[in-house]
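To start, the structure itself, in structure tokens.
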Amino acid sequence: MMEKADKRLRALLFRSRLGDAMRDRDVTQSALARRVGVDRSTISQLLKSQGARLPNAQVVAECAAALGVSADWLLGLTDRPETAADIVANSMSLTEAPRALVDEQIFQWHKEAAGYKIRHVPAGLPDMLKTRAMLEWEYAPHLGRSTDQVIGASEDRLEWMRGAQSDYEIALPMYALTSFARGEGYYRGLDADIRRGQIEHLLDVAQQLYPRLRLYLFDARRVFSAPVTIFGPLLAVVYIGRNYMAFRDTERVQVLTAHFDHLIREAAVTARKLPDFLNEECQIR
């Protein structure tokens, strides 16, 4: 329950915060008076009055809107000066998601979270674990003649990400691997040699990088996840197709972290058992 403040203290805080906001935004008394629609003397009185009386709600709201702060902050009801809209905008953002191996935004997020555990549910096989032949098959239709150049640059970034002292936990549905091994669905028409080389590469990398890289498989008939990446405690990003929906507020990051941890607890194939699964269930014939 919010503690009831003394009227004089609240009035004093209002005057102090109003003055601070005007100085921070370089707004004069005359300019604020014009924006609010009152006489300059009214603003002067708001700043200099020593009484316990606060202005009416309309004036407080207009001052807050003119200065880009929240009325609650001016009145001492919160310590955050941002408006509710600004708080939402800062805690959640939409960023374009180009069809690329490692776009600039993803790379920046990885650099920001270097040293933290990164939890990842990919939309398919993780790009950072793909062979060059697999990348060429998948991205050539989108990258055209620049395929070799783009893949070369992306491989450098993927190597940086692997060596960034971040632990990776990756969770994906079992069918993502079994469908790949059989050349079904999305992978229909993919040459068997490419699929075989990819499975062998995945097996080698999973064993070489364990335990810093842990890959889990869940049963999609029991649990579900949209593509999401959680960059330590800093950021959680949901992939929705043409955009990334990024959350920076602690509550949502924790909720998505708990969601990922649930996938791990429910995993049908643990990181330790992954090699057995690849050898037994993902043979290319």
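The values are calculated or read from the model by the stated rules, or taken from the named source; none is laboratory data. All of these numbers come straight from a predicted model, not from anything done at the bench. All Cβ positions, glycine included, derive from the backbone under ideal geometry; neighbour counts span all protein chains shown.
Applying the set (1) farther than 15 Å from Leu278 by Cα; (2) at pLDDT 95 or above; (3) crowded, with 16+ Cβ neighbours inside 10 Å to Arg157 leaves exactly one unmet item: (2).
When each of Leu263, Leu217 is tested for being in a strand (DSSP E or B) and either modelled with pLDDT of 90 or more or closer than 24 Å to Ala140 by Cβ (or both), the lone residue that passes is Leu217. Scanning region 16-34 for residues that are of a type in the set (Lys, Arg) and modelled with pLDDT under 90 yields a total of 1.
Assessment of region 224-233 against the conditions (surrounded by 16 or more Cβ atoms within 10 Å (Cβ to Cβ), free of Cβ contacts under 8 Å to residues at least 24 places away in the same chain, assigned by TED's automatic domain parsing to the domain that holds Glu104 and not polar (S, T, N, Q)) yields no matching residue. Note on region 103-131: among residues that are among the basic types (Lys, Arg) and surrounded by 15 or more Cβ atoms within 10 Å (Cβ to Cβ), the one that is farthest from Ala164 (Cα to Cα) is Lys130. Exactly one residue among Gln45, Gln50 is over 20 Å from Pro81 (Cα atoms) and either outside any helix (DSSP H, G or I) or within 37 Å of the chain's Cα centre (by Cα) (or both), and that residue is Gln50. In the set (1) assigned to a helix (DSSP H, G or I); (2) exposed (fewer than 12 other Cβ atoms within 10 Å of the Cβ), Val60 fails one condition alone, (2). All of Ile199, Ile230 fail the test of being outside any loop (DSSP other than H, G, I, E, B) and touching a Phe, Trp or Tyr at 6+ places or on another chain (Cβ under 7 Å), apart from Ile230. Selection of region 45-64 for residues being out of contact with any Phe, Trp or Tyr (no Cβ under 9 Å at 6 or more places or on another chain) and either touching a residue at least 24 places away in the same chain (Cβ under 8 Å) or not assigned by TED's automatic domain parsing to the domain that holds Met22 (or both) yields Leu47, Lys48, Ser49, Gly51, Ala52, Arg53, Glu62, Cys63.
Per the listing Arg272, Arg242, the residue uniquely at pLDDT 90 or above, in the same structural domain as Gly124 (by TED's automatic domain parsing) and out of contact with any Leu (no Cβ under 7 Å at 6 or more places or on another chain) is Arg272. The set of residues in region 255-284 being over 20 Å from Phe224 (Cβ atoms) and loosely packed, with under 15 Cβ neighbours inside 10 Å consists of Arg272, Lys273, Asp276, Asn279, Glu280, Glu281, Gln283. Name the residue that is surrounded by the most Cβ atoms within 10 Å (Cβ to Cβ), counting only residues in region 234-254 that are under 16 Å from Tyr116 (Cα atoms) and touching a residue at least 24 places away in the same chain (Cβ under 8 Å). In this case the residue turns out to be Val237.
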